[in-house]
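Report on one structure; see the data block that follows.
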Amino acid sequence: MSALLRKTAVRLVMAALAVGLIFGVWNLVIFAFDLKAYALPTPQDSVATIYDRWSTYQPLMLQTIKETVYGFLIGAAIGFFLGVAMSASKIVQRLIYPSLITSQAVPVVAVAAPLAILLGFGLVTKLVIVAWWVFFPVVVNVLDGLARVDRDLLNLARVMGAKRTRTFLAIQLPATLSPLFSGLKIGATYAVTAAVIGEWVASLQYGLGTYLNTAAASLDTRGVLGATILLTMIGITLFLIVAAMGIVATPWERRSTARRRTRPAGEMLVGHSVETPQT
Amino acid sequence: MNGSGPKVVVDDVTVRFDGVLALDELSLEIGRSEFVSIVGPSGSGKSTLFNVVSGLQRPSSGRVLIDGQDVTGETGHVGYMLQKDLLIPWRTVVGNIVLGAALTRGARSRDRAEAAALASRYGLGEFLDHYPHALSGGMRQRVALMRTLALKTDVLLLDEPFGALDSQTRLDMQLWLLSVYEDLEVTILFVTHDVDEAILLSDRVVVLSARPGRIMADLPITLPRPRGLDVLTSPPFMDLKREVLGLLHETPVAASR
C-alpha cells in the first residue's frame, strides 16, 4: 500500500511540475519578446481572470460541458453500435465504411455552417458536430477489437454448443472493451474542440466558444485566455474520467487476480463471508 | 452410457476441400473409456478428422456416431481442446473453466463451485482467481483441459494440447493427463506428432498416411496402467516406438509409389 501511495505522490509532483513548466515557458516567451498584456497576458493574469469573471464564465462553462458530454455520449454510442453492426455483417461493413471515411475527410468546419442552416442554431447542431468527431475513432477501434477475436475461440464456442447471443455477450462484447476505451480517449480529446466549433456556427445558447468569439472581437485577450484555460480543463477532465473508467472496466490488463475472490472449494455452499487473504 | 457398443464410430468418412481429398473413406471405432492417439505426417488430415468428429466440419460423405447416435455435423457432443489454450483473458481460472456452462445456459454458483473443486483437485487451487496472463504455459493448458472436462461430455478430443510446451513441462503434463484419465471415465481421442507421447498415454495408436488420410496401422498399446515415468525406458515401449517410427518414416515412400 505504501508503495502505491509513494507512486501516487510522485505522479502528483510530476503533474505539478508539468503545469509549472508550461507556465514557466509561457512567462519566458512574454519576457523574451517583451509582449504587452493585450497581446499575451501572463498565465497568472489569465487564471486571475477566471477568478474575477467567475460569475460570467460559470453558466457558459456549464453550457459547453453539457454540449461536450452529451455529444460525446451520443457519438460514442453511435460509434459502438456501428462497429458492432459492421462486424456482424460484411455487407453492411462494405456498404458503410466508405461513407464513414468520407465523413472524416470532409472538413467539419466547412459543413458546420450548412448544418446549422439545416438543423437550426440550437443544441442539436452542436451535438451533431461533437458526435461527428467522436464516433469515428470509436467505430474503428470497436471494429478492430471484434475482428481480432480468434476464429478458433468462436469454433470452440460452437463445439460447446453455445448460443449466438451468449457467445456475443461472453466473448465478443468484452473483447471490444480495451479498444473501445482507446477510441473513447481519442474521442474525449476531440469533443471540446468540436463543441467550440459547434458554438461558433450555432450560437443560440451561449457557451465558452461563443465567448471566445466575442472576446477576441473586442481584443479582450485576458478573457480569451481565461476561457481557453477552462476549455482545456474540460477536455483534460473528460479524458481522465474516460481513462479511469477504462481502468475499472478492464482489470485483467493490470491485475493478476480478480478482485472478487472465489471461496475455497468445500466451504462454497456453507457460509457467505469466507475471506481469502489478498496476495 | 448406453449399450456396450463402441463409444465413437467414424464410418466411411470422406472430406474434400475444393477438389483436394483430405480424408479418404476413413473408418475408426473407439471403445468406451478408451484412449486413442492419432499420429501421422503434417497434412494427413488429423485435424480435419477432429473437426468432423466435433461437428465443426460436415464430411463430404460418411457418418459420425456417438453412443450409436448419428451426430454427423452436430456440435455440442464432445469436449475439444487445441494446442492454443484459447483462454479468455478477462475471465479468471474459474471463469474460464465454466465457459461451457456460461455459453449454453449461464454459469450458476454450483458450476463455479464444481470448477473450483476440479481445479483444486488437479493442482490449480491457489490460482482460482488468477487471470490467464498470470499463469505459465503448462498451467494455462491445465485450465484449458479443466474447461473441457467441465463440459461433462464423456468424449474428449485433444488436438496436440501440449505441442507448444517445452519438453520438461510437456512430460509433466503428460503424466498429469495420465492421472486425470485414470481417475475419470472418459473416452479420449488425441492427436499428436510426438510418438513417445502417443505410446505413453494411449490404449491404441492409429497411424495415418500422408494426404489423403488413410489408416496405415492400428496398434494396441498393452503397457499396464497406471503408467509412470519408468514406462518411457522399458523394453516394450522401445519396441512399440521402433514400430511406429518405422511406419511414419516410410510414409513418403509409400505415398509416392
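Annotations for the structure displayed:
- Per residue of peptide A:249-259, the mean number of Cβ atoms on other chains within 10 Å of the residue Cβ is 5.
- Peptide B:80-89 is shielded by partner chain Cβ atoms: per residue, an average of 4 of them sit within 10 Å of its Cβ.
- Estimated at 0.36 nm per residue, the fully extended path between residue A:4 and residue A:206 surpasses their Cα-Cα distance by 68.4 nm.
- Whole-Hz couplings from phi, Karplus 6.51/-1.76/1.60, listed for the stretch B:67-77; x for Gly and Pro: 6, x, 9, 6, 10, 4, x, 10, 8, x, 9
- Residue among A:258, A:116, A:105 with the largest mean-square fluctuation in a Gaussian network model of chain A, springs linking Cα atoms under 10 Å: A:258
- Contour excess over end-to-end distance, with Cα ends at residue B:33 and residue B:242 and 0.36 nm allotted per residue: 72.6 nm
- In order along the stretch B:190-197, the Karplus-derived 3J(HN,Hα) couplings, from 6.51 cos²θ - 1.76 cosθ + 1.60 at θ = phi - 60°, round to 10, 9, 7, 9, 9, 5, 4, 4 Hz, and Gly and Pro are given as x.
- For chain A, modelled as a GNM whose springs connect Cα atoms under 10 angstrom apart, the maximal fluctuation among A:230, A:212, A:95 occurs at A:95.
- Only lysine pairs 8 or more places apart or on separate chains count here, and in chain A those with Cα atoms under 29 Å apart total 6.
- Segment residue B:234-residue B:104, extension gain: residue separation times 0.36 nm, minus the distance between their alpha carbons: 42.3 nm
- Rounded tilt (10° steps) of A:177-201 against the dominant C-alpha axis of chain A: 30
- Helix B:137-150 vs. chain B, principal-axis angle (Cα, 0 to 90°, nearest 10): 90
- Taking the number of Cβ atoms within 10 Å of each Cβ as an exposure proxy, the fewest-first ranking of B:194, B:18, A:150 is B:18, A:150, B:194.
- Residue B:218 paired with residue B:120, simple spin-label distance in nm, labels 7 Å along Cα-to-beta-carbon: 4.3
- Sites residue B:134 and residue A:168 - FRET efficiency at Förster radius 30 Å, r taken between beta-carbons, to 0.05: 0.70
- Distant-in-sequence amide contacts of residue B:23, defined by a placed amide H-H separation under 5 Å and a gap of 5 or more residues or a different chain, comprise B:15, B:213.
- For residue B:38, distant residues with modelled amide H under 5 Å away: B:190, B:191, B:192, B:206
- Least to most buried among A:253, A:199 (fewest other Cβ within 10 Å first): A:253, A:199
- In terms of its C-alpha gyration tensor, chain A comes out oblate, because a/c is 1.5 or above while a/b does not outweigh b/c.
- Environment charge at residue A:143 (Cβ cut-off 15 Å; Lys +1, Arg +1, Asp -1, Glu -1): +2
- Förster-model FRET efficiency, 35 Å R0, residue A:219 and residue A:11, C-beta, rounded to 0.05: 0.35
- 18 Å reach of a label modelled at residue A:260, 7 Å along Cα-to-Cβ, counting backbone N of the stretch B:77-99: B:88-99
- Close amide H partners of residue B:80, meaning residues 5 or more places away or on another chain with modelled amide H under 5 Å apart, are B:157.
- Estimated FRET transfer efficiency (residue A:88, residue B:18; beta-carbon r; R0 35 Å; 0.05): 0.85
- The 3J(HN,Hα) values that the Karplus relation (6.51, -1.76, 1.60; θ = phi - 60°) gives for the stretch A:95-106 are, in residue order, 6, 8, 3, x, 5, 5, 5, 4, 4, 8, 6, 5 Hz. Gly and Pro appear as x.
- Positive minus negative residues near residue B:33 (Lys, Arg vs Asp, Glu; Cβ under 12 Å): -3
- Residue order, fewest to most beta carbons within 10 Å, for B:135, B:151, B:158, B:99: B:135, B:151, B:158, B:99
- Proximal charge balance of residue A:194 [Cβ under 11 Å; K/R count +1, D/E count -1]: -1
- The trypsin sites (Lys or Arg not before Pro) found in the stretch A:34-115 that occupy coil by DSSP, while having at most 15 further C-beta atoms within 10 Å, are A:36.
Read-outs: derived from the displayed coordinates by stated rules, not from any lab. Small disclaimer: the values here were computed from a predicted structure and weren't measured. A quick note on method: Cβ atoms are made from the backbone with ideal geometry, for glycine too, and the neighbour counts reach across all protein chains shown.
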